[in-house]
Amino acid sequence: MIKINFEKLLAWIKAYHLEIGVGLCFILPPAGILWLVVIGWNHLNKAVYRRAPFTLNLTTFFFLCLLVSSAGASIVQQNGSYLLIVALIAGYLGLYLYIKDTLTLGSFQRYKRIVIAGGFYLFLSGLMLKDHHMDGWMAFLTGTQFIGGSGDSEARLFGSAYNPNFTAFLLLLTFAFVLTSMIGHLKNRENQLLLYQIPLILVIAAAIFQTGSRSGVATMFIMSLFLLIKLNPKLGITCLGMLYAIRDQLIELIPRTEVIDHSALARKEIWLNSLSIWKDNTYFGTTPLGFSESYLQLTGKAVPHAHNMFLAFFAEYGTIGGLAFLLLAGGIAFKFCCLYFMESKRKQLLNLFMISIPIIFLTGILDHPLVSPQTALITVILLASWDRYTEPVHVVQKSAAYIKRAYLRISLQTEKPHHVSKSQKNKGKY
């Protein structure tokens, strides 16, 4: 008979409650979403109760603007259901602050391993349930219920993420984590670890293709090439030239190329209508819950989101949320540029952030994966880890020091007198 020590079990849950929440986001998405949001609410409650100092940076300012916009939209449009978005964003903010305050290298490594395992689970669950769809509450709880998109999306791989485009986003994070780990082990000549990482990254790449996400496949190629250029500029530029030479053949590899023209026209129509929705709800937007209803009233069609992350924040959170998002994106871009020219003792962690953070914005050009709380919460953890790794003082000081050294090196080279031989000196005297 198995005896369960409940005290040890509770202690284990308390010690690894964040990891449990991330794992549940892949296996039982609604439970994982609620778990992580409760962690955020609990941290906010403790911070308010203890009157702890509030970390004000671009990311927290962004979340505060989203809170103001959601609350304002609820008041202006007199819709109490929009307060659910207020509660959700409060959970995002609390989770961000919790990760920012408590993150360690060990906890981040565990987060990375769970995301890698979760990506592999998305692939397996998508294959196993491709011809055997669940129904009802079980499908909703396991994330295997298809939500949103066109009719052909059900034939694409989406596993436990409700939608193929959301699955592609999570698989891209998995791809980035595995790729950077593989490069680190390759440099350290840890060949035994490469034996399972190479097949895994091939499986994840194949899964991204099976999602049918054009932006996902393009992002995978772009980030792989970017990392190669960063590690070996000559080889990377050579590969870039070769890929440009065979660009027509590469375009044929993109999934669903036969409907690109139709999708482009559909995207253009959605973007123009999203601008109209923003114009009608200038300050506070419609919130993610109200966007579909506003689009239906405007066009008579059901569209869940703007299919562009930049437009989506303006349409869903108004000018307040949209400008806050642009400010956040600009801050991330500044840090990104500083880190690109910096050296770090933890190069593997640096490379991981350099390849994973741009995924958020590259996939957001043609889609809006962060509209799903499942993907948004995992991204919040990554963003909090990024901010913890790139503290403002740390980035500015090191980048300034690097620029100063480069300037001094150039100055010394230009001001250094040319070597003059003794014969030339004597010749000059006469």
Rounded accessible area per residue of the range 19-136, 1.4 Å, Å²: 50 Å²
By the C-alpha gyration tensor axes a ≥ b ≥ c (rounded if a/c is under 1.5, else prolate when a/b exceeds b/c, else oblate), the shape of the range 255-338 is oblate
Whole angstrom only: what separates the Cα centroid of the range 45-71 from the Cα centroid of the range 216-291? 32 Å
Residues other than Asn165 with Cβ under 10 Å of its Cβ, Lys/Arg counted +1 and Asp/Glu -1, net out at +1
The percentage of the accessible area of the range 1-156 (probe 1.4 Å, all protein chains present) made up of carbon and sulfur atoms, to the nearest whole number, is 69 percent
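What are the semi-axes of the equivalent ellipsoid for the range 288-383, taken as the square roots of 5 times the Cα gyration tensor eigenvalues, largest first, in whole Å?
32, 13, 10
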Which shape class applies to the range 12-136: rounded if a/c is under 1.5, otherwise prolate when a/b exceeds b/c and oblate if not, where a ≥ b ≥ c are the square roots of the Cα gyration tensor eigenvalues? oblate
How would you order 72-82, 233-243, 161-171 from highest to lowest mean count of nearby Cβ atoms within 10 Å? 161-171, 72-82, 233-243
Which of rounded, prolate or oblate describes the range 16-76 when judged by the alpha-carbon gyration tensor and an a/c cut-off of 1.5? oblate
Expected sort for 330-339, 9-18 on mean C-beta neighbours within 10 Å, highest first, is 330-339, 9-18
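The values are calculated or read from the model by the stated rules, or taken from the named source; none is laboratory data. Computed from a predicted structure; not experimentally measured. Every residue, glycine as well, gets a Cβ built from its backbone with ideal geometry; the counts of neighbours run over all protein chains shown. SASA here: full protein model, heavy atoms, side chains in, ligands and nucleic acids out. Shrake-Rupley method; radii C 1.70, N 1.55, O 1.52, S 1.80 Å.
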